[in-house]
Amino acid sequence: MTPVAGLPSPTLTFPETQTLHAIATGTRPNPNDPTTRQHLDSILTKLDANSLAHAVYIACQNGVLDGRRRRHGDHAGFAQHQRAGEEPCEACWAAERRYRGTRRRVRAHAAWQ
């Protein structure tokens, strides 16, 4: 996900994303459940949000809750940025450099065979 200027780049786990999606759709999870409470606290911390509504806003601004699957930190994430006409994030640039280096080494090794 490409962070919006001035907002953090969230890295939520799948259960945290599910919990946040439930909040965004109006299905309030049970805050008395210890696991849910842990997810809610983690979401607020990771997104640096003041409330759950603020967390949903930040997540929407950063593409976490827009329904699109986004990959980051690999060649596919880099390609996805390019297809969307975006400047790739630093994690995707680093992964693309690793990918290109590996492909160069594979081609060089194949040439020696």
Problem set entry | Theoretical ellipticity at 222 nm over the chain - DSSP helices of four or more residues, -39500 (n - 2.57) apiece, nearest 500 | -19000 deg cm²/dmol
Seminar exercise, completed: Residues whose built amide H sits under 5 Å from the amide H of LEU65, excluding neighbours closer than 5 in sequence, are CYS60
For this session: For region 31-48, take each phi angle, set θ = phi - 60°, evaluate the Karplus expression 6.51 cos²θ - 1.76 cosθ + 1.60, and give the result in whole Hz per residue in order, putting x for glycine and proline.
Result: x, 7, 6, x, 5, 4, 4, 5, 5, 5, 5, 5, 4, 4, 5, 5, 8, 6
Seminar exercise, completed: From highest to lowest solvent-accessible area (probe 1.4 Å; ligands, DNA and RNA excluded), CYS60, CYS92 read CYS60, CYS92
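Could you calculate the FRET efficiency of ASN32 with ALA79 from 1/(1 + (r/R0)^6), where r is the beta carbon distance between them and R0 is 41 Å, rounded to 0.05? Intermediate values should be presented prior to the final figure.
Details: r = 44 Å, r/R0 = 1.06.
Step by step, r from the Cβ atoms, then E = 0.40.
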Exercise. Which of (1) 63, 28, 21; (2) 43, 30, 19; (3) 41, 27, 25 is the computed Cα extents along the principal axes in Å for the structure on display?
Worked result: (1)
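Give the accessible surface of the chain per residue, rounded to a whole number of Å², with probe radius 1.4 Å and ligands, DNA and RNA excluded.
Details: 7450 Å² over 113 residues.
Per-residue value: 66 Å².
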Seminar exercise, completed: Between the modelled labels at THR17 and SER42 (7 Å from Cα along Cα→Cβ) the distance in nm is 1.3 nm
For this session: Quote the accessible area belonging to SER42 in square angstrom, nearest 10, computed with a 1.4 Å probe and with ligands, DNA and RNA left uncounted.
Result: 30 Å²
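Work out the FRET efficiency for GLU86 and HIS109 from their Cβ-Cβ distance, taking R0 = 41 Å, and round it to the nearest 0.05.
Numbers: r = 33 Å, r/R0 = 0.81.
The value I calculate is 0.80.
Highest mean first, how do 13-25, 79-91 rank when packing is the count of other Cβ atoms within 10 Å averaged over residues?
Working: 13-25: 15.8, 79-91: 13.6.
Ranked by mean Cβ neighbours within 10 Å, highest first: 13-25, 79-91.
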For this session: Tabulate in residue order the Karplus-calculated ³J(HN,Hα) for region 88-105, using 6.51 cos²θ - 1.76 cosθ + 1.60 with θ = phi - 60°, rounded to whole Hz; enter x for Gly and Pro.
Result: x, 6, 4, 4, 6, 4, 4, 5, 5, 5, 5, 4, 5, x, 5, 4, 4, 5
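The values are calculated or read from the model by the stated rules, or taken from the named source; none is laboratory data. Only a predicted model underlies this, so the values are computations on that prediction, with no experimental measurement involved. Reconstructed Cβ throughout: ideal geometry from the backbone, glycine too, with neighbour counts over all protein chains shown. Heavy atoms of the whole protein, side chains included, go into the accessibility calculation; ligands, DNA and RNA do not. Shrake-Rupley method; radii C 1.70, N 1.55, O 1.52, S 1.80 Å.
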